[in-house]
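Taking it in order: structure first as structure tokens, then the write-up.
The values are calculated or read from the model by the stated rules, or taken from the named source; none is laboratory data. Note that the structure is a prediction, hence the values are computed from the model and not measured. FYI the Cβ positions are ideal-geometry reconstructions off the backbone, even for glycines, and counts take in every protein chain you see.
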Amino acid sequence: MFENRRGMMLPLGLMAGLLALVLMLAGCGKTETTTPEPVGNPFVPAQVGTDSTLEVMTWNIEVFPKAGTTVDWVRQIIEGVRPDIVAVEEISNTASFDALSTALGGWDGEHASSDAYQNLGFLYRVDGGLEVMSIYEIFASNDYSRPFPRAPYVLEANWNGTPIVVIANHLKASGNGVMDPSDPWDEETRRRDACILLAEYIKTELVGKRVFVVGDMNDELTDATVNNVFQSFLDEPDTFRFADMAIALGPSDDWSYPTWPSHIDHILVTEPLFAALSGPAALTTVVPLGAYMPNGMGKYMTEVSDHLPVITRLQP
């Protein structure tokens, strides 16, 4: 009970009703507004990058941009995963790639323009310890029958003063799994010849350097020797090492190309990076973006890509 000014006792329920009426009348003529809760980046839980490590990621972003929402999804993914360098394949619209680069605060990007349909590119942080020195193509040619349907794209940089080189690739697709060296158009043979040229280039032009060879290489590491397009690297274990070999040997749920499924996106490193690859902070993984995408993997494949990114983290 509550006592009014005349000493009469009013029931508490009546008092609450009167108070509600007063508040309603006081609010007449005003528009009630609410501030929506900020929507967080759903990919933050997928973070791999740290402030003390270098992260190099390769990602086929499938005929980019695949949908009207693709640019923003890719921006959010990169900001959530936090790599330092992203080598991207299948840039179909370079203006959209430039818009993505601009939308990423603290980042920059460059792309090749030598292919009429799908170009390679790099996105890289500019607000940390990475200093990009130059980006250029190698093995450029107008002969479509060459081993490289797209010229490899090279980024040279310093990470906290340590020189590194990243060579991005998108090798020839398709094939029947059997190499036919007598056929210059055989897809496996073209991929094998591309790897031979890359191995020779690194051993002559990049001697002793910390080199990452990354990209959608369109073939598996685990094929038999006679049909293994990567044998030029595998035959020299003291010079080259696939950082993602354990993934290739592991369960298919962890592979980079889930629709086949197969593991065809790779990260190779040279001997000066072997120790870092085994360091306490080291990690190489396929980022399971479908687990963080609203509405799951189906939406990811519809609006982003049919490939998942592969990333390696280390301290060079």
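Pull up segment 235-250, narrow it to residues that are crowded, with 16+ Cβ neighbours inside 10 Å and of a type outside the set (Phe, Trp, Tyr), then point me to the one that is nearest to Arg313 (Cα to Cα). The residue in question is Ala243.
Among residues belonging to segment 251-284 that are polar (S, T, N, Q) and surrounded by fewer than 18 Cβ atoms within 10 Å (Cβ to Cβ), point out the one that is farthest from Pro42 (Cα to Cα).
So, considering only residues that are polar (S, T, N, Q) and surrounded by fewer than 18 Cβ atoms within 10 Å (Cβ to Cβ), the one farthest from Pro42 (Cα to Cα) is Ser278.
Filtered by the rule that a residue be touching a Gly at 6+ places or on another chain (Cβ under 9 Å) and of a type in the set (Lys, Arg), segment 39-91 gives a lone residue, Arg82. Restricting attention to segment 272-316 and to residues that are among the hydrophobic types (A, V, I, L, M, F, W, C) and part of a loop (DSSP other than H, G, I, E, B), the residue that is farthest from the chain's Cα centre (by Cα) turns out to be Ala281.
Checking each residue in segment 225-282 for being in contact (Cβ under 8 Å) with a residue 12 or more places away in the chain, in contact with a Pro (Cβ under 6 Å, 6 or more places away or on another chain) and small (Gly, Ala, Ser) picks out only Ala276. Of the residues that make up segment 114-136, is at least one of a type in the set (S, T, N, Q), exposed (fewer than 15 other Cβ atoms within 10 Å of the Cβ), modelled with pLDDT of 95 or more and in a strand (DSSP E or B)? Scanning segment 114-136, I find at least one residue that is of a type in the set (S, T, N, Q), exposed (fewer than 15 other Cβ atoms within 10 Å of the Cβ), modelled with pLDDT of 95 or more and in a strand (DSSP E or B), so the answer is yes.
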